[in-house]
Amino acid sequence: MIYQKRKTCAICGNRELNLVLDYGDVPAAGSFPFISEIENEPKYQLGLEFCDKCGLLQTNSILDGNYLFKDYRYMSSVGLSKHFTEVAALLQAEFNLNKTSCVVEIGSNDGVLQLPFKDLGVSVVGVEPSVNISQLAKDKGIL
């Protein structure tokens, strides 16, 4: 099974979640099947649910991380390197980041934001679940 339905709020554990938007059955993001494979592409029910108790808006399904990140294809550095270089410079100036600072990025992909911080002399730590994409960051000397 590639997913399971959410039974409780991911933050507070509330069991009463309100469906806000139902997308129906969809394939996993980042899946690029061949035309001949589309008919057999696994799908899961996707919707957004709101927790009245803590205010979290969350998906109503939880995908198996082994399925989702085993062969992940999206790389942030394709087309976004300049953007993330500008973001790093902006954040360094705004928060006076220096060699004693450390930026932790959750979902760091191929290190596209970490690299400009590293070039600015700021320590970086990336957390990335996809093995193939995180290896690209490691090859750049980050993550």
Set of aspartates and glutamates with alpha-carbon distance to LYS43 below 18 Å, sequence-local pairs under 8 removed: ASP22, ASP25, ASP64, ASP71
Cysteines (scope the chain) whose Cβ has no counterpart Cys Cβ under 4.7 Å: CYS102
Sum of side-chain charges, ASP71 neighbourhood, beta-carbon under 15 Å (Lys, Arg +1; Asp, Glu -1): -3
Which of PRO27, THR8, HIS83, positive extreme of dipole for the chain (C-beta unit charges): THR8
Neighbour-count ranking [beta-carbon atoms within 10 angstrom, fewest first] of GLU41, GLU105, GLU16, GLU128: GLU16, GLU41, GLU105, GLU128
Computed magnitude of the charge dipole of region 38-85 (debye, nearest 20; Cβ of K, R +1, Cβ of D, E -1): 260 debye
Zone residues, region 55-73, relative to ILE106, backbone N less than 15 Å from point 7 Å out along Cα-to-Cβ: 56-59
About the Cα centre, charge dipole magnitude for region 77-139 (Lys/Arg +1, Asp/Glu -1 at Cβ), debye: 120 debye
Amide H contacts of GLY47 (H built 1.01 Å from N, under 5 Å, at least 5 apart or other chain): TYR23, ASN60, SER61
Share, in percent, of DSSP beta bridges within the chain that are antiparallel, nearest 5: 75 percent
Qualifying lysines (Cα of each under 23 Å from Cα of LYS138; at least 8 residues distant if same chain): LYS70, LYS82, LYS99, LYS118
Amide H partners (placed H, <5 Å) of SER101, local residues excluded: SER123
Modelled label reach - SER123, point 7 Å along Cα→Cβ, region 92-106 residues with backbone N closer than 13 Å: 98-104
Rounded tilt (10° steps) of 77-95 against the dominant C-alpha axis of the chain: 60 degrees
Residue (of ILE106, VAL122, LEU136) at the positive-pole extreme of the chain, dipole from beta-carbon charges: VAL122
Where N is the number of residues in region 1-104, Cα Rg divided by 2.2 N^0.38 Å: 1.47
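Where a number appears in this text, it was derived from the coordinates with a stated rule and is not lab data. Please read all numbers here as calculations on a predicted model, not as lab measurements. Cβ: placed from backbone, ideal geometry, glycine included. Neighbour counts: every protein chain shown.
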